[in-house]
Amino acid sequence: MGKRDELIVKYASDLNDKCGVTPNMDLLYKVVIGCGPSIFNKDAATVSGTDEKELATVKNNFLIKKLGLKDDAELDKGIDAVIEKYGRSNKNKYRAVVYYLLAVHFKKESVYK
């Protein structure tokens, strides 16, 4: 099993155990591929739920650029809902899991088809 496959198993476990979500493995795989090499970088692989600059990057680079959403208050509400679902006290929020949850939250899974 390759390093990426090991991470996908870890992400699926987080979705199941910490978020109460049974992951669509095909979608999760595509989200992980979309994250590129960032999943292998310790700092870039996680999202800080309290860092406004980081959350703005998630909003601009993922929600607006990748998913094609319009910049409005719903984006911030969606990010907040996903951070809440993942668990605010959970220190390691994996970027791929956050992106997966955001894609599902905004019903944009079709971006990964």
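The values are calculated or read from the model by the stated rules, or taken from the named source; none is laboratory data. Here the structure is a predicted model, which is why all the values come from computation and not from measurement. Quick reminder, even Gly has a Cβ in these numbers, built from the backbone with ideal geometry, and neighbours come from all protein chains shown. Note: areas computed on protein heavy atoms with side chains; ligands, DNA, RNA excluded. Shrake-Rupley method; radii C 1.70, N 1.55, O 1.52, S 1.80 Å.
For every residue, the table says whether it meets (1) touching a helix residue (DSSP H, G or I) at 6+ places or on another chain (Cβ under 6 Å); (2) among the acidic types (Asp, Glu); (3) open to solvent by 40 Å² or more (accessible area, probe 1.4 Å).
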| position | (1), (2), (3) |
| --- | --- |
| 4 | no, no, yes |
| 23 | yes, no, no |
| 28 | yes, no, no |
| 33 | no, no, yes |
| 43 | no, yes, yes |
Exercise. Pairs only if they're at least six apart or on different chains, beta carbon under 8 angstrom, first in region 25-51 and modelled with pLDDT of 95 or more, second surrounded by fewer than 11 Cβ atoms within 10 Å (Cβ to Cβ); list them, first residue then second.
Key: 40/3
Exercise. Answer yes if at least one residue in region 67-83 is more than 12 Å from the chain's Cα centre (by Cα), outside any loop (DSSP other than H, G, I, E, B) and among the β-branched types (Val, Ile, Thr), and no otherwise.
Key: no
Practice problem: Return a yes/no flag: does region 54-62 have any residue that is in contact with a Pro (Cβ under 9 Å, 6 or more places away or on another chain) and surrounded by 13 or more Cβ atoms within 10 Å (Cβ to Cβ). | Solution: no
Practice problem: Please find, among 108, 113, 85, 91, the residue that is modelled with pLDDT under 95, out of contact with any Phe, Trp or Tyr (no Cβ under 6 Å at 6 or more places or on another chain) and under 19 Å from residue 24 (Cα atoms). | Solution: 113
Exercise. Could you tell me which numbered condition residue 75 fails, if it satisfies all but one of (1) of a type outside the set (D, E, K, R); (2) touching a residue at least 40 places away in the same chain (Cβ under 8 Å); (3) open to solvent by less than 20 Å² (accessible area, probe 1.4 Å); (4) farther than 24 Å from residue 10 by Cα?
Key: (2)
